[in-house]
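Have a look at the structure below, then the notes.
The values are calculated or read from the model by the stated rules, or taken from the named source; none is laboratory data. Because the structure is a prediction, the values reported are computed rather than measured. When we count neighbours, we look across all protein chains shown, and the Cβ atoms used for this are built from the backbone with ideal geometry, even at glycine. SASA here: full protein model, heavy atoms, side chains in, ligands and nucleic acids out. Shrake-Rupley method; radii C 1.70, N 1.55, O 1.52, S 1.80 Å.
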Amino acid sequence: MLLALALCASCKNNTTSVYPDNTNTIKVEAEDSDAQVLAKAVECKPSARQQLAMDDEFIAFIHFGPNSFTGREWGTGTEDPTVFNPTGLDTDQWCRVMKEAGMKKVVLTVKHHDGYVIYQTRYTDHGIMSSPFMDGKGDVLRSLSESCAKYGLKLGVYLSPADLWQMEDGNLYGNESPITMRTIPKQVEGRPFADTRTFQFECDDYNEYYMSQLFELLTEYGPIHEIWLDGAHPKHKGNQQYNYTAWREMIRTLAPDAVVFGREDIRWVGNEAGNVRDLEWNVIPYTGDNPDTMVRYYDMTDKDLATTAALLNAPRPYWLHYQPAETDTSIREGWFFRDDEFQGVRSADNVFDIYERAVGGNTILILNIPPTTDGVLGERDVKILQEV
């Protein structure tokens, strides 16, 4: 009731906010009363990029790579690069189906935890350039970017920070290299960048590698509207640390309209089953560091994150932060295509039920649709999306 009264008060025409319109983080002081806490919560607003992302409501996820051909969910990093060979890649079909289903954005897994890259990066041969697909000249992200432009869809990328291949054969991940001042992107002879901007960061070998790939993605494939960063780690090596402060600076500079999933912009809903909380509000309490500048973001799976009780009972001082949730789930059993005989596919009723609960429950629904080994969305998946 207190929050409802505060909300009503904030909507009056004669009420002047004491915070800028773009304030999505406000500190709660130790001496603040309950009424002051709720008034501050009302003042937390989405950033422009958060608002754009929330307006999308229903978006697609594409997991595609060696796992699609080996039947694995998580690869090992030891896969033969030649295993990736879609015989009829058709990203126009992907986008046409997604557009007809009402989706507004698609996030492509350009590198999963196995380290295999499905675009033409300068920085490794462990990827599509070493496959028989289009004689090593193929680029799934390039194709998808062109299809997104054709069908009016936004584009996002998932470049997994984990990298099993670089842990072993590539030897950049966890190699305990010295942290030195480096220029990003790293220059490669014969592969100049049209975008001549550079960054100076203190980092190790793996962060140099990862940020150079981020630079490629954010400057060479059209507008990128989401960078998906989960916290999954198949294993660790060499106490590898991520320089997220540098990542953030690059992303904000090169893709100012892009939200970062798993960090300060968009949070994980807390499960992969398509479930949302009874109350999935967007202003949540952060104890400790300021969420706008912190570098470690932990998965939040509590049943209650942002009700009135959660805001009032959080130990003060703390930070109120506007951070909507994204509900991620797959139309199939698992994230990658395995087969068309035994792998289960959700029914249209089930997908629509998830849509109603996720979008109707104040989250963004990101539905994974894994392409087959042919490089198209499967017939069963397409039929379900058409019914939805």
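Set side by side, the residues 36, 50 differ, and just one is part of a helix (DSSP H, G or I), modelled with pLDDT of 95 or more and open to solvent by 60 Å² or more (accessible area, probe 1.4 Å), which is 36. Residues considered: 170, 156, 102, 115. Of these, the only one that is at pLDDT below 95, over 18 Å from residue 373 (Cβ atoms) and touching an Asp or Glu at 6+ places or on another chain (Cβ under 9 Å) is 170.
What tally of residues in the stretch 124-149 results from selecting those that are assigned to a loop (DSSP other than H, G, I, E, B) and open to solvent by less than 40 Å² (accessible area, probe 1.4 Å)?
Residues that pass the stated criteria total 5.
Residues that are out of contact with any helix residue (DSSP H, G or I) (no Cβ under 6 Å at 6 or more places or on another chain) and farther than 30 Å from residue 39 by Cα do occur in the stretch 308-328. Please tell me if residue 93 is free of Cβ contacts under 8 Å to residues at least 24 places away in the same chain and not charged (D, E, K, R). No, not satisfied. Pairing each residue of the stretch 237-250 that is within 24 Å of residue 168 (Cβ to Cβ) with any residue that is of a type in the set (A, V, I, L, M, F, W, C) and part of a helix (DSSP H, G or I), provided the two are 6+ apart or on different chains, yields C-beta distances under 8 Å for 237/167; 243/211; 247/211; 247/214.
For residues in the stretch 162-173 being touching a residue at least 12 places away in the same chain (Cβ under 8 Å) and surrounded by fewer than 20 Cβ atoms within 10 Å (Cβ to Cβ), which is nearest to residue 244 (Cα to Cα)?
Of everything passing the filter in the stretch 162-173, 168 is nearest to residue 244 (Cα to Cα).
Here the stretch 248-268 is the region considered, the condition is being under 25 Å from residue 75 (Cα atoms) and not basic (Lys, Arg), and the residue that is most open to solvent (accessible area, probe 1.4 Å) is 268. When 384, 331, 364, 369 are checked against the criterion of being buried (at least 21 other Cβ atoms within 10 Å of the Cβ), modelled with pLDDT of 95 or more and within 28 Å of residue 44 (Cα to Cα), 364 stands alone in meeting it. Checking each residue in the stretch 6-33 for being modelled with pLDDT under 95, of a type in the set (A, V, I, L, M) and assigned to a loop (DSSP other than H, G, I, E, B) picks out only 18. Restricted to the stretch 174-194, and to residues there that are of a type in the set (Val, Ile, Thr) and closer than 17 Å to residue 241 by Cβ, the residue that is least open to solvent (accessible area, probe 1.4 Å) is 184. Of all residues in the stretch 96-111, those being more than 25 Å from residue 50 (Cα to Cα) and without any contact (Cβ under 8 Å) to a residue 60 or more places away in the chain number 1. Listed conditions (1) of a type outside the set (Asp, Glu); (2) open to solvent by less than 40 Å² (accessible area, probe 1.4 Å); (3) assigned to a loop (DSSP other than H, G, I, E, B) are all met by residue 241, apart from (2). Of the set (1) closer than 27 Å to residue 351 by Cβ; (2) open to solvent by 10 Å² or more (accessible area, probe 1.4 Å), all apply to residue 287 but (1).
Is it fair to say residue 270 is in contact with a helix residue (DSSP H, G or I) (Cβ under 6 Å, 6 or more places away or on another chain), in a loop (DSSP other than H, G, I, E, B), touching a residue at least 12 places away in the same chain (Cβ under 8 Å) and under 29 Å from residue 350 (Cα atoms)? For residue 270, the condition - in contact with a helix residue (DSSP H, G or I) (Cβ under 6 Å, 6 or more places away or on another chain), in a loop (DSSP other than H, G, I, E, B), touching a residue at least 12 places away in the same chain (Cβ under 8 Å) and under 29 Å from residue 350 (Cα atoms) - is not met.
Does any residue of the stretch 71-83 turn out to be among the aliphatic types (A, V, I, L, M) and either free of Cβ contacts under 8 Å to residues at least 12 places away in the same chain or assigned to a loop (DSSP other than H, G, I, E, B) (or both)? Before you say what the answer is, go through the steps one by one.
Initially, the stretch 71-83 is screened for residues among the aliphatic types (A, V, I, L, M), giving 83.
Next, only the ones that are either free of Cβ contacts under 8 Å to residues at least 12 places away in the same chain or assigned to a loop (DSSP other than H, G, I, E, B) (or both) stay: none.
No, there is no match, as no residue in the stretch 71-83 is among the aliphatic types (A, V, I, L, M) and either free of Cβ contacts under 8 Å to residues at least 12 places away in the same chain or assigned to a loop (DSSP other than H, G, I, E, B) (or both).
How many residues does the stretch 183-242 hold that are among the aromatic types (Phe, Trp, Tyr) and in contact with a strand residue (DSSP E or B) (Cβ under 8 Å, 6 or more places away or on another chain)? Within the stretch 183-242, residues that are among the aromatic types (Phe, Trp, Tyr) and in contact with a strand residue (DSSP E or B) (Cβ under 8 Å, 6 or more places away or on another chain) number 6. Of all the residues in the stretch 312-328, those that are open to solvent by less than 20 Å² (accessible area, probe 1.4 Å) and within 19 Å of residue 363 (Cα to Cα) number 8.
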